[in-house]
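Single-structure report; data block below.
What follows is calculated from the coordinates using simple rules that are stated; it is not laboratory data. Since we're looking at a predicted model, the values are computed, not measured. Using ideal geometry, Cβ is built from the backbone for each residue, glycine included, and neighbour counts are taken over all protein chains shown.
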Ligand SMILES: NC(=O)c1ccc[n+]([C@@H]2O[C@H](COP(=O)([O-])OP(=O)(O)OC[C@H]3O[C@@H](n4cnc5c(N)ncnc54)[C@H](OP(=O)(O)O)[C@@H]3O)[C@@H](O)[C@H]2O)c1
């Protein structure tokens with residue numbers, strides 16, 4: 001302990017030179033934060049790199065900063081840390097690799113990059129004695145990754161579950177509050193700047209799956225690729241689902257769950273029923289919440305702004321300060337030890353919500369019940385609101401906990417019935 005302190009004291013006085021690659025929403029906010037604390041911090045912004053950089057130049061940064069558009073120039077510069085804020089896989093991957101190989105530390109907010117190449121890049125950082133910070137990749141300004149990595153290191157985490165995508169949360173809460181359709185809520189979200197023109201990544205769960213893979217790596221110590229995460233879209237939800245959910249004492253959120261059971265990992269991003277009394281139900285708009293469950297310490301909750309320039313910049317600058325502590329020394333850096341690849345399964349047991357829309361006639365529920373009985377799945381409740389047209393009558397069946405594979409078989413058999421006006425919608429019920 002004493003030796004480590006003596007080694008670090010002189011380094012604590014040294015300047016840490018920072019180069020930003022990607023001067024967009026987050027890059028701009030990071031520069032502003034660094035600029036505002038330039039007198040109290042060892043961090044000095046020296047380079048900003050962006051394509052067609054002339055249009056990006058910000059007068060408020062003064063003359064100390066070098067503006068460049070060639071990423072190689074950043075690698076060749078005297079910067080100690082490169083902050084990758086371009087997004088996407090390329091050229092971000094080559095830049096981060098190149099930086100770590102040339103003895104620079106890296107901070108990134110790029111979840112797609114870290115979900116796909118995180119293990120490899122962390123190994124590379126460790127091998128080269130450099131720091132690789134990625135706290136901004138999950139939940140923006142909520143310091144959940146550092147809490148899982150450090151604060152809860154003494155526990156053995158078995159589950160991490162949360163609301164990780166603000167766009168989905170905004171859309172779902174609008175359907176719930178205004179009783180509007182999915183398409184109307186999506187248009188509203190796009191007009192309010194909460195959804196991209198192409199919202200696929202968010203609403204079909206790709207964005208949350210990348211974040212969940214990172215959370216699983218840090219929290220559960222398992223290496224799972226984002227493609228192994230089960231994804232279900234929120235596209236098929238309708239206002240009627242919220243009415244039925246409320247009758248069941250629940251609401252609906254896009255839940256991301258990573259869970260370890262019997263040596264197998266289950267990772268899923270899907271719309272789910274959550275009890276109105278749960279912390280997930282109270283998260284509105286673009287907020288994020290994550291609950292980790294430890295074998296010894298039980299549940300711990302993290303909540304706050306999941307995105308936005310400044311909340312994300314706070315996470316980036318916190319990582320930069322951590323990098324600065326390591327600046328010039330190969331100390332404790334990237335955490336990758338003990339992360340193992342793990343068998344994944346989607347066949348976990350959970351209670352289920354099934355919504356049917358049918359062309360009404362006698363005997364429909366009996367037919368569905370007989371298929372469920374044949375597969376040993378117990379029906380829990382049947383809910384049907386009056387007042388709907390017989391040609392498109394919605395009703396809901398809830399099921400006691402059942403295996404996903406059995407339910408899949410049941411749904412395949414039910415799909416053969418000619419009374420279905422739409423494909424059934426299924427959602428797990430989270431306790
Ligand atoms: N925004 C958030 O709330 C948030 C939250 C958490 C994490 N993140 C992550 O943070 C990163 C940045 O997000 P952002 O919202 O700041 O994106 P952004 O506003 O689109 O900024 C990206 C910047 O990088 C530049 N760029 C892209 N490719 C480049 C290349 N090949 N060479 C040089 N410059 C390039 C872009 O230039 P152009 O102007 O020419 O496009 C733009 O200025 C992403 O990985 C994102 O997932 C963002």
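Structural remarks
- Taking 419, 194, 280 in turn, the Gaussian network model of the chain (Cα-Cα springs below 10 Å) assigns the largest fluctuation to 419.
- Cut-off 14 Å (backbone N to label point 7 Å along Cα→Cβ of residue 390), residues of region 348-379: 358-364
- For the chain, the longest principal axis of the alpha carbon atoms and the long axis of helix 206-215 meet at an angle near 60°.
- DSSP finds beta bridges in the chain, and of those with both partners inside it, around 65 percent are antiparallel.
- Using the Cβ-Cβ distance between residue 411 and residue 178 with R0 = 25 Å, the FRET efficiency computed as 1/(1 + (r/R0)^6) comes to roughly 0.25.
- Using C-alpha pairs under 8 Å with a sequence gap of at least 6, the mean separation divided by the residue count of the chain gives a relative contact order of 17 percent.
- Residue of 392, 205, 22 that the Gaussian network model of the chain assigns the largest fluctuation, springs spanning Cα pairs under 10 Å: 392
- Residue among 231, 253, 412 with the largest mean-square fluctuation in a Gaussian network model of the chain, springs linking Cα atoms under 10 Å: 412
- The angle between the Cα long axis of helix 364-374 and the longest principal axis of the Cα atoms of the chain comes to about 70 degrees, rounded to the nearest 10.
- Overall shape: prolate for region 144-305, with the ratio a/c of the largest to smallest alpha carbon gyration tensor axis at 1.5 or above and a/b above b/c.
- Approximate spin-label separation residue 383-residue 61, in nm, with each point projected 7 Å along Cα-to-Cβ: 5.2 nm
- Angle of helix 25-36 to the longest C-alpha principal axis of the chain, folded into 0 to 90 degrees and rounded to 10: 40°.
- Relative contact order, percent, region 172-258 [alpha-carbon distance under 8 Å, six or more residues apart]: 33 percent
- Potential lengthening between residue 102 and residue 360 on full extension [0.36 nm per residue; Cα-Cα distance subtracted]: 86.1 nm
- Two-site FRET efficiency, residue 369 against residue 345, from Cβ-Cβ distance with R₀ of 22 Å, rounded to 0.05: 0.20
- Length-normalised contact order of region 144-305 in % [C-alpha pairs under 8 Å, at least 6 apart]: 33 percent
- In plain terms, if you count all Cα to Cα distances in the chain and split them into 20 Å steps from zero, the share in each step is 25, 50, 21, 4, 0 percent.
- The sum of -39500 (n - 2.57) across all DSSP H runs of n ≥ 4, divided by the residue count of the chain, sets its helix-only mean residue ellipticity at 222 nm to -10000 deg cm²/dmol.
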